[in-house]
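Written out below as structure tokens is the structure these notes cover.
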Amino acid sequence: MVQAILNGLVDELEVPAQVEHMALSAYMYGVGIGKVGYDSEFGWDPDADIGGSLDPQGMTMSQYDKKGRLIEFGGTSPGMPWFQSVLPHDFVVPYGTHRLKDARWCAHRIIRHIDEVREDIKYGNTKSLQPCMSMEDFANSYKSTKVSYRAGRAGGMKTSAKCEYVEMWEIHDRATGKIYVVATGHDKFLREDDDSLQIDGRLPFIDLAFVPRSRSFWTTPD
């Protein structure tokens, strides 16, 4: 019975499809990255529990804004675990990391529309937050790590398209057991909370590579 429930959960979370995408990333780019999450696509926040601290229900409604409009579109459900493959281009580990389980921290790049970030109750210090990139910038950011919108508003090149999106880095730090979220061009933390997904001190990510690693986390793709 337990096995049947677990198999049903694996199918419900579409784990095989996500692992296939990880395998494709490993074949093309060297390493495939999978992210484990709960409740919200952008981080579980117990403080937003619908039952409050006195009667926690293990779920939030942070996927919606104050008017009940959806602001998350990754297919996650309130109070449910999820698993997603993320592009290795959007994943960072410290210099010298050999295996993910030994990394001191990791960071995942997230791109969201400025309106959705401001409406998300998980984030703070959003009053002065400004968008830094357009969809054109987003597409071009996968072509080079030297992108104009990171050069600063004063000296950086301007895109001809309208800037509507925020580039955020979701940092999971094993040393402090916290989750931090920072945004390009913004000088305050959007999140600085205890990371409930660091179970037993492990980062909420898994990695897959077909080529053995000799010295570094990133390896030559097939």
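The values are calculated or read from the model by the stated rules, or taken from the named source; none is laboratory data. Note that the structure is a prediction, hence the values are computed from the model and not measured. No Cβ is skipped: glycine too gets one built from the backbone with ideal geometry, and neighbour counts run over all protein chains shown. Ligands, DNA and RNA are excluded from the accessible area calculation, which covers all protein heavy atoms including side chains. Shrake-Rupley method; radii C 1.70, N 1.55, O 1.52, S 1.80 Å.
What's the extension gain from Val2 to Ser77 if we count 0.36 nm per residue and subtract their Cα-Cα distance? Display every interim value, and only then the final one.
Working: separation 75, 0.36 × 75 = 27.00 nm, distance 2.19 nm.
Gain on stretching Val2 to Ser77: 24.8 nm.
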Completion exercise
At q = 0.11, 0.12, 0.19 Å⁻¹, the log10 of I(q)/I(0) for the stretch 5-117 from a Debye sum over equal Cα scatterers comes to -0.46, -0.54, -1.15
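Once you have a ≥ b ≥ c as the square roots of the Cα gyration tensor eigenvalues for the stretch 102-222, tell me rounded if a/c is under 1.5, and otherwise prolate or oblate according to whether a/b is larger than b/c. Please report the intermediate quantities before stating the final value.
Numbers: a/c = 2.44, a/b = 1.28, b/c = 1.91.
Here the stretch 102-222 falls in the oblate category.
Starting from the Cα gyration tensor of the stretch 84-136, multiply each eigenvalue by 5, take the square root, and state the resulting semi-axes largest first in whole Å.
Working: eigenvalues 154, 39, 22 Å².
Over the Cα atoms of the stretch 84-136, the semi-axes work out to 28, 14, 11 Å.
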Exercise for the section: Return the single residue from Leu129, Leu197, Leu54 with maximal mean-square fluctuation; model: Gaussian network over the chain, springs between Cα atoms under 10 Å. Expected result: Leu54
Exercise for the section: Just grab the label-to-label distance for Val36 and Leu208, each label 7 Å out from Cα along the Cβ direction, in nm (one decimal). Expected result: 1.6
Completion exercise
Magnitude of the Cβ-charge dipole (Lys and Arg +1, Asp and Glu -1) of the stretch 1-153 about the Cα centre, nearest 20 debye, reported as 840
Problem - Filtered trypsin sites (Lys or Arg not before Pro), the stretch 20-95: DSSP coil and at most 13 other beta carbons within 10 Å - result: Lys66, Lys67, Arg69
Completion exercise
Full extension between Glu14 and Glu192 adds, at 0.36 nm per residue less the Cα distance, a length in nm of 61.0 nm
Exercise for the section: Among Val147, Leu87, Leu9, flag the residue with its Cα farthest along the positive direction of the charge dipole of the chain, charges on Cβ as +1 for Lys/Arg and -1 for Asp/Glu. Expected result: Val147
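With +1 assigned to the C-beta of every Lys and Arg and -1 to the C-beta of every Asp and Glu, and no other charges, what is the dipole magnitude of the stretch 95-222 about the Cα centre in debye, to the nearest 20?
480
Just the number, please: carbon plus sulfur as a percent of the accessible area of the stretch 1-40, 1.4 Å probe, no ligands or DNA/RNA counted. If you can, show how the numbers build up before the last one.
Details: 1540 of 2390 Å².
Using a 1.4 Å probe with all protein chains present, the stretch 1-40 comes out at 64 percent carbon and sulfur.
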